[in-house]
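Engineer: Take a look at the following structure, please.
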């Protein structure tokens, strides 16, 4: 049942200002809660319309709505988009000179501005808080709210100060929005912002248009090139663990004919801004980045996110893959990983704690934080090694159930599982007999009966395990060891040099102490059919093989391309990303409907009164030329 009648102010703003005929799932309940003056935390998938949930109340209520946002670029883009829709919005941030910020503040003071975007650092200064308390603030919205939680993957100390807002602005509804928060993170956000006195809406985590795939790292350069070669002309993000690898990878892609740009925190701010601007405004650009890139990136036509290394947590992975396919069209999330990734991530967790890591216990003990982070990493490793639907494993982490999705590598190419108890015992025996201090490379050499100086010098050629694994090759043993780590039979000793240790379950399996003798089924990576990295999600978009968009004929694709060219030209004139002018969905609808007058143009998805006034003529001219 609809929360708002047809002729309500909310419905009028939805249609006349934003050009939408209906709400997306979950939006009405959140808007109603804010307008009722109650606090609310909203968890919605990326691209599901979180911004509208606080923008519409800002236009319904008379007064100032303050929006807290973590990134300057995101604030600038959102304000530009609101202004194109005829909405009085401003931002005060460090990228603008003093005169521009002073002018914006004067407009805010005069009551001419409905939405003010500001960073937490600037908002929580005594001077700004005192100035805002003299104004009629009717709503405070906090975007990327997971940043406030020490349980979350992107904690920012500056966000924690926002916990004072409830006391500073009593009676003003606080709304918080994020796409990335498990149950613990949601509870922490609610406790900090609302003292637990607020509603929590979770509208689901599934992004069914994104195909999920994971592959063990072999020749990673070849794997990456195979993947991007299968997607010519697509915009994508490639995530790397280090700054050096970011630059190496970008150079590799450029050498092979792709337009790729590196992005990491070590670059000058002007270089980072330039790379982001090119990625946002020009088609077919690949950004190769560390996690310094991405939060708040609102580019709808990112066709893939490729992780060259294991992310830090399931939350971080979900947040990063969510930058693909925001337009709802088919997209890919592809990950490479290996044992070296697991070891490196374990070291990061220990290093964070040793350096005075976040969320220590009251007595100063950081064991609770480390244990939680290791468990989170365990969940991600289990996701990588799951023999069942990958989407089910991902959604289960966020307490959401799902049927097999039919759109992940496991569903599309089910692995062959084998009884691996004998193989497991071979590995566990070799680890135990060598003293539980050697890494996978040496254990595999022992299993294969390798004749190396190290093995002879240590006397490992006299062990019972020596040569016991000659029936399998090195890659198979590497895969089995990785799956034993994922299943919790082995652990990596990160305090040493990556040696393998038996866990309690590993000892029990080795000694036949588990119920029914224990069970371990393993997947043969080599038995998989054609690599998921090469296959392309969705229907083929090659020449002569049908239209790229189901709504368009092959001929209308040419009109769509012409409309995109005009959009890019207008965006460059205004210095904004192309999607701020119109989304792809709007241009697709325009190409299908071919409007010839203002009434027809107003009926196109996403066309409000301001955009009808400012853009109808140039876009209808393109349509007219095409139809002639």
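Quick note: the coordinates plus some simple rules give every number you see, no bench work behind them. Since the model is a prediction, treat every value here as computed from it, not as a measurement. Note that each Cβ is placed from the backbone with ideal geometry, even for glycine, and that neighbours are counted across all protein chains shown.
Engineer: Calculate, in nm to one decimal, what residue 565 and residue 413 gain on full extension: separation in residues at 0.36 nm each, minus their alpha carbon distance. Mind showing how you got there, number by number?
Structural biologist: Details: separation 152, 0.36 × 152 = 54.72 nm, distance 3.85 nm.
Here the segment from residue 565 to residue 413 would lengthen by 50.9 nm.
Engineer: Still on this structure, I have one more. Assuming 0.36 nm per residue, please report the length gained on full extension of the stretch residue 183 to residue 396 beyond their Cα-Cα distance.
Structural biologist: Values: separation 213, 0.36 × 213 = 76.68 nm, distance 1.17 nm.
Length gained, residue 183 through residue 396: 75.5 nm.
Engineer: Once both axes come from the Cα atoms, what is the angle between helix 339-354 and the longest principal axis of the chain, in degrees from 0 to 90, rounded to 10?
Structural biologist: Tilt of helix 339-354: around 70 degrees.
Engineer: Can you give the calculated 222 nm mean residue ellipticity of the chain, where each DSSP H run of n ≥ 4 adds -39,500 (n - 2.57) and the sum is split over every residue, rounded to the nearest 500 deg cm²/dmol?
Structural biologist: Values: 28 runs with 284 residues, N = 628.
It lands at -13500 deg cm²/dmol.
Engineer: Rounded, prolate or oblate: pick one for segment 210-412, where a ≥ b ≥ c are the square roots of the eigenvalues of its C-alpha gyration tensor, a/c under 1.5 means rounded, and failing that, prolate if a/b is larger than b/c, else oblate.
Structural biologist: Cα axes put segment 210-412 in the oblate bin.
Engineer: Taking Cα pairs under 8 Å and at least six residues apart, what relative contact order does segment 210-412 come out at, in percent?
Structural biologist: Value for segment 210-412: 24 percent.
Engineer: Kindly provide the Kirkwood hydrodynamic radius of the chain in Å, to one decimal, from all pairs of distinct alpha carbon atoms. All intermediate terms of the calculation are to be shown ahead of the outcome.
Structural biologist: Details: mean 1/r = 0.0374 Å⁻¹.
Evaluated over the chain, this radius sits at 26.8 Å.
Engineer: Listing 279, 582, 4, 601 from the residue with the fewest other Cβ atoms within 10 Å to the one with the most, what is the order?
Structural biologist: On the way: 279 24, 582 27, 4 17, 601 20.
In increasing order of surrounding Cβ atoms, one gets 4, 601, 279, 582.
Engineer: What number, in percent, do you get for the relative contact order of the chain if the mean sequence gap of Cα pairs under 8 Å and at least 6 apart is divided by its residue count? List each step's numbers first, then the result.
Structural biologist: On the way: 1057 pairs, mean separation 86.4, N = 628.
The value is 14 percent.
Engineer: Take the Cα of residue 452, step 7 Å along the line toward its Cβ, and report every residue of segment 330-348 whose backbone nitrogen sits under 20 Å from that point.
Structural biologist: Those under the cut-off are 338-344.
Engineer: Among the DSSP beta bridges whose two residues both lie in the chain, what percent are antiparallel, rounded to the nearest 5? Let's see the in-between values first.
Structural biologist: On the way: 7 of 56 bridges.
Taking every DSSP beta bridge with both residues in the chain, the antiparallel ones total about 10 percent.
Engineer: Based on the alpha-carbon gyration tensor of segment 554-627 and its eigenvalue square roots a ≥ b ≥ c, which shape applies: rounded if a/c is under 1.5, prolate if not and a/b is larger than b/c, or oblate?
Structural biologist: Numbers: a/c = 1.57, a/b = 1.14, b/c = 1.37.
Since a/c reaches 1.5 but b/c is at least a/b, the shape of segment 554-627 is classed as oblate.
Engineer: Another question, if that's okay. Specify the angular offset, from 0 to 90 degrees and rounded to the nearest 10, of the alpha carbon long axis of helix 72-84 from the longest principal axis of the alpha carbons in the chain.
Structural biologist: Between the helix axis and the principal axis of the chain, the angle is about 40 degrees.
Engineer: Compute the long axis of helix 269-281 from its Cα atoms, compare it with the longest principal axis of the Cα atoms of the chain, and write down the angle in degrees, 0 to 90, nearest 10.
Structural biologist: That helix lies at roughly 80 degrees to the long axis.
Engineer: Counting other beta carbons within 10 Å of each Cβ, put 65, 235, 94 in order, fewest first. Write down the numbers at each step before the final one.
Structural biologist: Working: 65 25, 235 21, 94 10.
Fewest to most other Cβ atoms nearby, the residues stand as 94, 235, 65.
Engineer: Over segment 554-627, calculate the relative contact order: mean separation of alpha carbon pairs under 8 Å at least 6 apart, over the residue count, as a percent. Kindly include the intermediate steps, with their values, before the conclusion.
Structural biologist: Details: 61 pairs, mean separation 23.6, N = 74.
This gives 32 percent for segment 554-627.
Engineer: Which percent of the Cα-Cα distances in segment 1-87 go past 16 Å? Working shown, then result.
Structural biologist: Details: 2054 of 3741 pairs.
Percent of Cα pairs beyond 16 Å in segment 1-87: 55.
Engineer: Under a point spin-label approximation (7 Å from Cα along Cα-to-Cβ), what is the residue 109-residue 519 distance to one decimal in nm?
Structural biologist: 7.2
Engineer: By count of other Cβ within 10 Å, fewest leading, how are 466, 239 ordered? Can you show the working numbers first?
Structural biologist: Details: 466 21, 239 26.
Least to most surrounded, the residues fall as 466, 239.
Engineer: Quick one: length gained pulling residue 504 to residue 269 fully straight, 0.36 nm per residue minus the C-alpha distance?
Structural biologist: On the way: separation 235, 0.36 × 235 = 84.60 nm, distance 4.92 nm.
Contour length minus the Cα-Cα distance gives 79.7 nm.
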